[in-house]
Every structure is written in C-alpha cells, then in structure tokens.
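Since every read-out is calculated from the coordinates, none of them should be taken as a lab result. The model shown is predicted, which means the values in this text are computed figures rather than measured ones. Don't worry about glycine lacking a Cβ; one is built from the backbone with ideal geometry, like all the others, and counts go over all protein chains shown.
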C-alpha cells in the first residue's frame with residue numbers, strides 16, 4: 001500500500017498525496033532490467049564491424065538486423081502487455097527480459113547471417129516487453145510532481161551503464177571470436193538477473209501513485225478493453241507524440257555511431273567505441289537535466305512548459321549533430337565531445353516526453369499507450385532509419401545520411417511539436433477530471 005500523506009487543504013472527494021515505500025529501490029531494479037537488455041541488444045551493433053568481417057556481411061545487414069529486432073516488437077510487445085494484464089507484470093518481466101537471455105546465448109553460436117538474424121530477432125521479441133511495462137511501473141511508483149526526475153534517473157542510469165560497458169565490450173573486437181563471448185556472457189547474466197527480479201521486485205499496483213486513486217484499490221482495477229486502446233489515438237497530444245517518434249532521427253545514433261566513425265573517418269572498431277563513453281555520459285547528464293527541467297517547466301508553466309522543453313531538445317540535437325558529424329576533425333576527442341553533447345540533448349527527451357504521456361493517459365491504459373509509443377511507433381522509426389541508413393549509406397554515403405536524418409529531420413520534428421502548445425493543457429485537464437470523477441464515484 002502507498003503511504004498516504006494528509007493534506008488539510010484537500011477535503012471532500014479529494015485524496016491525500018502519495019508516496020510509495022521503497023520506490024527508489026524498485027526504480028533501481030527496473031533500471032537494471034533495462035540496462036542488461038539494452039547492453040545485450042547493443043552488442044551486435046557495437047561489434048558489427050568485426051561481425052561483418054567474421055560472417056562476410058555488408059553494411060545493409062546492420063540495417064536489417066536493427067529493423068528486424070525493432071519490427072518484431074510491434075507484434076510481441078502488445079502480446080506481452082496483454083499477458084501482464086492477464087497474469088502479472090512481474091512474471092512477464094521475469095520471463096521476457098530475464099530468462100529470455102537464453103536466446104542471446106544461442107546467438108553467440110551463429111555460423112551465418114541467417115542464424116544471427118533469427119536468434120537476435122527472437123531475443124528482441126522478448127526484450128520488447130521491458131519498455132512499456134517498466135515505464136508503466138514508473139508511473140505507478142511516482143506521482144506527477146516527481147515523475148520527470150524518476151524517469152530521468154531511470155534512463156540516466158541505463159545510459160551511464162551503457163557508456164561504461166560499451167567501450168569495454170568494444171575491446172572484444174581484438175579477441176578471437178570476442179563478439180561470441182560477449183553474447184554468451186550477457187545472455188547468461190540476463191538469466192541470472194531474471195532470477196533476482198523474481199526474488200526482489202514488488203509491483204505497487206496500477207494507479208497506486210495517483211492521489212485520487214491511491215487509497216481506492218477497487219477504483220484502480222479498471223478493465224482494459226480494445227475500444228479504450230483504440231480511443232487512445234483520439235487524445236490529440238498523444239497522437240502528436242506518436243507522430244513525433246516517427247520523426248526522431250536521433251534514434252539512428254545508437255545503431256550507426258560506431259560504424260560511422262569506422263567507415264567515414266577510418267577509425268578502428270576498438271577506437272571508435274571510445275565515443276560510446278562520452279555519448280553515454282552525456283545521455284546520463286541529459287536525462288538528469290531533462291528530469292529536472294521537466295519538473296521545473298511543469299511548475300513554471302503548466303500549460304506550455306513541457307512542450308517547450310521537448311521542442312528545444314530537438315533543435316539543440318540538430319545543431320550539435322551538424323557540428324559533430326559533418327566536419328572532419330584531426331583527433332577523435334573532438335568527435336567524443338560532440339557526441340557527448342548530442343547525448344545530453346537526446347537524453348533530455350525521456351524525462352520530458354514520458355511524463356507527458358503519463359499526464360494525458362489514465363493509469364490502466366499507460367501500458368498499451370507506451371506499447372504504441374515505444375514498441376510500435378518508435379520501433380517503426382528504428383526500422384525505417386536502420387534500413388534507410390543501411391541503403392542510403394551504400395548509395396550516398398553515411399555522412400550525407402546523417403545530415404538528412406540527424407539534422408534536417410530533427411528540425412522538422414521540432415517544428416511539428418509546435419502543435420503541442422494547443423493540445424497538451426486541455427488533455428491534461430481532461431485526464432485529471434476523469435480521475436476526480438472516479439474518486440467521487442467510488443466514495444459515493
């Protein structure tokens with residue numbers, strides 16, 4: 001049960017504020033879940049130059065691997081979310097993001113591209129459950145005033161861990177069959193982490209952090225129907241955020257940054273992976289900054305603060321990407337600096353856009369909403385950028401590809417987000433009225 005903190009200013013049908021016991025400890029556990037998943041998924045992209053050499057692949061193969069892994073989530077993520085509704089979020093996370101690591105071990109035994117594609121795609125099908133379920137759980141652990149900070153911390157820990165592990169795993173490029181050992185080791189570790197998750201995770205329950213519903217468990221167990229899920233697309237702010245994901249060109253950096261430095265500027269794989277550390281540290285800094293900015297902006301201007309912060313992050317990334325990818329520098333330190341700053345700009349996004357989704361969506365519909373947001377629309381964007389970059393990289397070169405996707409498209413995205421200034425505040429008010437209605441009905 002959440003801890004209820006009485007507020008004498010609230011009377012009648014109004015509820016006390018909430019604080020979930022042990023919420024930061026649970027957040028660290030959820031962060032670990034995403035970290036081990038992302039690290040294993042990033043092994044293939046980070047070590048692709050040596051995998052390409054070992055299996056005789058083309059640059060387009062990286063695009064296909066990335067696209068397949070993301071597109072399979074479009075199908076599997078809704079199934080995992082349905083299973084979590086049918087059984088429990090904890091059991092689904094233990095299986096899909098923990099024990100599912102056996103497929104990573106299998107991928108390490110791949111002898112050709114077909115086997116590698118098959119095993120990594122099945123692996124991604126399981127990991128697709130993590131993003132919507134973990135994000136939904138964060139919304140149930142933290143109330144609205146603290147969600148930006150919590151989401152920023154969650155994604156910041158993931159980025160920081162990845163920044164430290166990325167260069168470490170990059171050194172496997174100098175080891176015979178090092179990429180195989182990386183997949184075997186991370187797969188085994190993921191299975192062990194699944195057991196830790198099973199032993200220590202505590203689900204607070206849907207809607208536990210909403211002041212109107214915290215002490216009304218019966219009012220928090222609303223049944224989700226397909227018409228309700230379809231109705232999500234009628235929430236204007238959510239629809240704008242979905243389309244914005246399709247325009248989020250910065251998603252390309254995670255898959256192609258190392259290959260970019262290898263192919264365009266001639267660095268070795270071991271040296272190119274060095275930029276993953278400043279990029280990850282920058283992302284970590286950005287998530288902390290984004291969480292703080294989100295909470296500050298929401299207090300400063302409840303109507304327009306968050307849309308403005310999100311829009312500014314897109315413009316900043318486009319400018320930094322232009323400076324960091326379209327000019328030749330004599331030392332890799334210059335690229336490390338700009339990729340670190342790009343990481344800061346990109347890292348601002350989760351601490352702003354995730355709380356925005358939570359603010360306009362009812363608690364029981366957040367998992368389906370984040371399935372659409374992350375596992376469907378973001379996955380489609382990843383797939384399109386991955387396949388498109390693999391193709392365009394071979395036709396016009398990766399430098400031109402990065403210009404179109406990381407600079408031009410991101411400026412288009414920033415312009416598109418201007419629509420949020422008209423829709424966000426009314427959608428938040430509508431969501432709050434619905435929660436107030438549920439509380440009044442439960443107490444009547």
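Would you work out if the range 357-414 is rounded, prolate or oblate? Take a ≥ b ≥ c from the square roots of the eigenvalues of the alpha-carbon gyration tensor; rounded if a/c is under 1.5, else prolate when a/b is larger than b/c, oblate otherwise. It comes out oblate by the Cα gyration axes.
Binning the alpha carbon pair distances of the range 34-74 at 5 angstrom intervals from zero yields the distribution 5, 22, 28, 25, 14, 6, 0, expressed in whole percent. By the helix-only formula, in which each DSSP H run with n ≥ 4 contributes -39500 (n - 2.57) and the sum is divided by residues, the chain has a 222 nm mean residue ellipticity of -24000 deg cm²/dmol.
Once the Cα atoms are used to define both axes, helix 332-360 deviates from the longest principal axis of the chain by about 30 degrees.
Exposure proxy shown here: for 206, 245, 437, the number of other Cβ atoms within 10 Å sets the order, fewest to most, as 437, 245, 206. Once Rh for the range 309-444 is found with the Kirkwood sum over Cα pairs, what is the Stokes-Einstein diffusion coefficient at 20 °C and 1.002 mPa s, in µm²/s? Taking Rh from Cα pairs, D becomes 123 µm²/s. A straight line joining the Cα centroids of the range 372-410 and the range 116-180 runs 20 Å. Computed from these coordinates, which is volume of the Cα convex hull per residue in Å³: [x] 226; [y] 171; [z] 122? Evaluating volume of the Cα convex hull per residue in Å³ on these atoms matches [z].
The ellipsoid that matches the Cα gyration tensor of the range 21-120 has semi-axes, each √(5λ) in whole angstrom, of 29, 15, 12, with the longest given first. Volume per residue for the range 39-194 equals 109 cubic angstrom (convex hull of Cα atoms). Does the range 258-371 come out rounded, prolate or oblate by the C-alpha gyration tensor, with a ≥ b ≥ c the root eigenvalues, rounded set by a/c under 1.5 and, if not, prolate when a/b is larger than b/c and oblate if not? Taking the square roots of the gyration eigenvalues as a ≥ b ≥ c, the range 258-371 is prolate.
Going from the fewest other Cβ atoms within 10 Å to the most, the residues 136, 364 appear in the order 364, 136.
Tell me whether the range 326-402 comes out rounded, prolate or oblate; compute the Cα gyration tensor, take square roots of the eigenvalues as a ≥ b ≥ c, and use a/c under 1.5 as the rounded threshold. Here the range 326-402 falls in the oblate category. Our summary gives the chain a relative contact order of 26 percent, counting only alpha carbon pairs under 8 angstrom and 6 or more residues apart. For the chain, the longest principal axis of the alpha carbon atoms and the long axis of helix 379-395 meet at an angle near 20°. For the chain, the longest principal axis of the C-alpha atoms and the axis of helix 305-325 are separated by about 0°. For 114, 135, the sequence from fewest to most other C-beta atoms within 10 Å is 114, 135.
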